[in-house]
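Below you'll find the structure, written out as C-alpha cells, and then a few comments.
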Amino acid sequence: MRTKAEEAKKERAPKNEYEPMIDSDSSATDRKKVIAALMSKINGDAKYTVIAPADEVVNPYFLRRPSGIMQLDIDTGGGLPAGGVSMLTGPDNSGKSFLLYKYCAQHQRLYGSQSAIAFAPVEGAPDYFFMRKCGFMIAIPDPMIEERNKQRKLQGRPPYTKEERAELKRQIGTVAILGAQNGEDLLDAVHETVRRNVFGIVGIDSLTAIQPQEIAKQESLHDGGRRASHATLATNFFQRLYPFLIGMWGRNDTTIICTQQVRANAAKANALPHLQKYIRDWAPAGAYATRHGKMIDLLVWDGGKIRKGKTQSEAGEIVGKYMTWETEKGKAGTHDNIRGEVPFIYETLTNDLDGVVTTGIRYKAIVEDDGYLSLVRAQTGEIFDGWKKLAGPQRFIEKMRENIEAELFVRQEILMHAEIECAYR
C-alpha cells in the first residue's frame with residue numbers, strides 16, 4: 001500500500017513522456033536534462049523558439065547610433081542604442097526633425113555605402129535640401145532639380161553644371177521613403193522593415209501625426225462613425241514590434257527613432273500656484289505602450305536666444321538659439337534627468353567639431369598647454385602620437401577633418417574619459 005508521500009508524488013507525476021519532472025533534491029545534471037526537454041517541448045508546440053538559454057539571446061545595445069553632437073552622445077551613453085525604440089519629443093520647432101536627420105547623417109558617415117536608412121515623413125513631403133544641410137546625404141529627385149533650373153533661367157543664372165547636378169544626386173548608402181494612405185499600412189511597413197533587420201535606422205517623423213485608417217477613409221471631416229484611436233494604433237504597433245527586438249530569433253540591430261509632439265502638462269494646472277513656475281507647460285505625449293518599451297526618451301526644447309554681437313550691449317539680431325535636451329527616460333547605458341544644450345545657429349546649424357574640442361577639454365581628454373592642444377589616453381594619461389601639441393583648436397579640428405577615422409578616434413577617446421564604452425560599427 002502506498003504512503004501519502006508516494007501518492008502525492010504520483011499525483012504530481014507527468015502525464016506522458018514529454019512532461020519529465022524532478023524532485024527538489026535532484027542533481028544539477030538531472031535538472032538540466034529536464035529543462036532541455038521542457039525547452040524542446042515548448043518550442044516544438046509553438047513551432048518556433050519561445051524559450052532559449054540566456055547566453056543565446058543577444059542584445060545589441062553596446063552598438064550606438066551617435067548624433068555627432070558630442071555632449072548629447074555622452075548624455076545618451078554614446079548615442080541611441082541599436083535594437084530598440086527611442087523617442088525625440090518636444091514642442092513645435094524645437095529641433096526634433098533636425099536631430100533625427102543628424103542621427104541619419106552620422107550613420108551614413110560611419111557605414112558609407114553599407115548604410116541603409118528607411119524614413120517615414122508623416123507630417124509632409126521630405127525636405128531634401130534641409131536634410132542635406134544637416135549632413136543627411138539623400139539624392140534630390142530629378143523633377144526638383146529641373147524646377148530649380150527653370151527658376152535659375154528666369155533669374156538670368158546658368159543651370160546647374162554637370163558637377164553641381166552630380167552633387168545634388170549624390171547619396172550615401174540606401175535611403176528609402178515610407179508612405180501610406182493610413183497609419184495601419186504605414187506601421188505594418190515599418191514593422192516589416194524591422195523584422196527583416198536590413199536597415200540600420202528606421203525614422204518616423206512624427207509618430208503623433210500618424211492617421212488611423214478609419215479617419216483616412218472618411219470623405220469629410222463631418223463624417224461620424226467609429227474612429228480608431230491613435231493611441232490604440234500606436235499601442236498595437238509597439239506591442240507587435242517589441243518581440244522582434246528581444247534577440248530570441250537572432251540579433252536585430254535596427255534602431256527605430258520616432259519624433260513626437262508634446263501635450264499640455266496637466267500637472268502644472270493642478271499644482272499649487274507657488275510651484276507652477278517650476279513646472280513645464282508641456283509633457284511628453286504618446287501611447288501607453290511606448291512608456292515602457294522605449295530605450296531613450298529625449299525631450300528637446302528651445303533654450304536662450306543667441307544674438308549677433310560679442311557683448312550684451314552689442315547684441316542685436318537673433319541669429320540662433322540654444323537647443324536644450326533632457327533624458328526623460330534612459331536605459332541601456334544611460335539614465336533619466338541628464339540635461340545639456342548646444343548652440344544652434346540658424347544659418348550654419350550646430351558646429352559639431354568645435355563641440356568635440358570643447359567637450360574633450362571639459363572631460364580632460366584634450367589638454368591645453370600654452371595654446372597648444374594634445375589628445376590624452378584615458379587609461380594612462382600619455383599623449384597619443386600624432387596628436388601632440390597641435391596649434392590651437394583650429395589645427396586640432398583640421399586634423400579631425402582629414403578622415404572619418406581620425407574624428408572617430410577622438411570621439412571614442414572622449415567617451416572613454418567620460419567612462420562610456422560603446423561601439424559605433
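Here are the numbers for the structure shown:
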quantity: Odd one out for residue 195, checked against (1) touching a Phe, Trp or Tyr at 6+ places or on another chain (Cβ under 6 Å); (2) not assigned by TED's automatic domain parsing to the domain that holds residue 239; calculated: (2)
quantity: Given (1) more than 16 Å from residue 200 (Cβ to Cβ); (2) part of a loop (DSSP other than H, G, I, E, B); (3) in contact (Cβ under 8 Å) with a residue 12 or more places away in the chain, index of the condition residue 185 fails; calculated: (2)
quantity: Any hit, the stretch 88-109, residues being more than 14 Å from the chain's Cα centre (by Cα), at positive phi, touching a residue at least 24 places away in the same chain (Cβ under 8 Å) and surrounded by fewer than 14 Cβ atoms within 10 Å (Cβ to Cβ); calculated: yes
quantity: Subset of the stretch 319-360 [more than 17 Å from residue 73 (Cβ to Cβ) and polar (S, T, N, Q)]; calculated: 337, 348
quantity: Number of the condition not met by residue 192 [criteria: (1) in contact (Cβ under 8 Å) with a residue 24 or more places away in the chain; (2) outside any strand (DSSP E or B)]; calculated: (1)
quantity: Qualifying residues in the stretch 143-176 (those that are in contact with a strand residue (DSSP E or B) (Cβ under 9 Å, 6 or more places away or on another chain) and among the aliphatic types (A, V, I, L, M)) - the one nearest to residue 132 (Cα to Cα); calculated: 175
quantity: Strands (runs of 3 or more DSSP E) fully within the stretch 252-327 counting 1 or more residues that are modelled with pLDDT of 70 or more, surrounded by 11 or more Cβ atoms within 10 Å (Cβ to Cβ) and more than 18 Å from the chain's Cα centre (by Cα); calculated: 262-264, 282-284, 296-307
quantity: Hits in the stretch 163-183 (condition: within 22 Å of the chain's Cα centre (by Cα) and of a type outside the set (A, V, I, L, M)); calculated: 171, 173, 174, 179, 183
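The values are calculated or read from the model by the stated rules, or taken from the named source; none is laboratory data. Worth saying up front: this structure is predicted, and the values here are computed from it rather than measured. Note that we place each Cβ from the backbone using ideal geometry, even for glycine, and neighbour counts take in every protein chain shown.
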